[in-house]
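The values are calculated or read from the model by the stated rules, or taken from the named source; none is laboratory data. Predicted model only: the values in this text are computed from it and were never measured. Note that we place each Cβ from the backbone using ideal geometry, even for glycine, and neighbour counts take in every protein chain shown. With ligands, DNA and RNA removed, areas are computed over all heavy atoms of the protein, side chains included. Shrake-Rupley method; radii C 1.70, N 1.55, O 1.52, S 1.80 Å.
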Amino acid sequence: ILPIIMEVYFEKQKTAYDKAHELARELKNSPEYQEYQRCKEVAMENETQKALIQEYKKLQFQLQVSVAGGGKPDPAEMERLQKIMAVLQLSQDATRYLMAEFQLQKMLADIYKILGEAVDIDMDMLRG
């Protein structure tokens, strides 16, 4: 019975940071993360595809920052992003990777929303 009491005692002593590290370990072992890692490894084997994915992400980020800052997306950059996406969609490996990344990001956003609601932080920016 002493081990059970000790376990309960130490469980109560865990800090929020300990729980965060525990959650991080759980996330690393999640099917979503495992699939993401597997798809990333396969997609990044091809150097041309890797460069296209990196350029796509860079452009996507730049456009998001521009819009978030109140600006309008540059039409030339939007067209470039669409062309890169069209090329990437021809590859099952790239498509699987981007979809796995999206699923992982969605899971992380859901977790962040749960945490934010627990401490009453406005999470309107996560609503679709």
Point to revise | Per-region count, region 46-85, residues in a helix (DSSP H, G or I), open to solvent by 50 Å² or more (accessible area, probe 1.4 Å) and either free of Cβ contacts under 8 Å to residues at least 12 places away in the same chain or in contact with a Gly (Cβ under 6 Å, 6 or more places away or on another chain) (or both) | key: 17
Revision key, fill the gap. Residue hits (region 108-128; in a loop (DSSP other than H, G, I, E, B) and at pLDDT below 75) are D122, M123, R127, G128
Check your understanding: Going through region 67-84 one residue at a time, which ones are within 13 Å of I53 (Cα to Cα) and charged (D, E, K, R)?
Key -> R80, K83
Exercise for review: State which residue pairs qualify: first residue surrounded by fewer than 17 Cβ atoms within 10 Å (Cβ to Cβ) and inside region 90-109, second residue in a helix (DSSP H, G or I) and charged (D, E, K, R) in any location, beta carbons under 7 Å apart, and separation of 6 or more residues or different chains.
Suggested key: Q103/E32; M107/E32
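Looking at V42, is it in a helix (DSSP H, G or I), touching a Phe, Trp or Tyr at 6+ places or on another chain (Cβ under 8 Å) and of a type in the set (V, I, T)? First the steps, then the outcome.
Numbers: in a helix (DSSP H, G or I): yes; touching a Phe, Trp or Tyr at 6+ places or on another chain (Cβ under 8 Å): yes; of a type in the set (V, I, T): yes.
The answer is yes for V42.
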Check your understanding: Are any of the residues in region 111-120 surrounded by fewer than 13 Cβ atoms within 10 Å (Cβ to Cβ), within 14 Å of the chain's Cα centre (by Cα), closer than 29 Å to R25 by Cβ and free of Cβ contacts under 8 Å to residues at least 12 places away in the same chain?
Key -> no
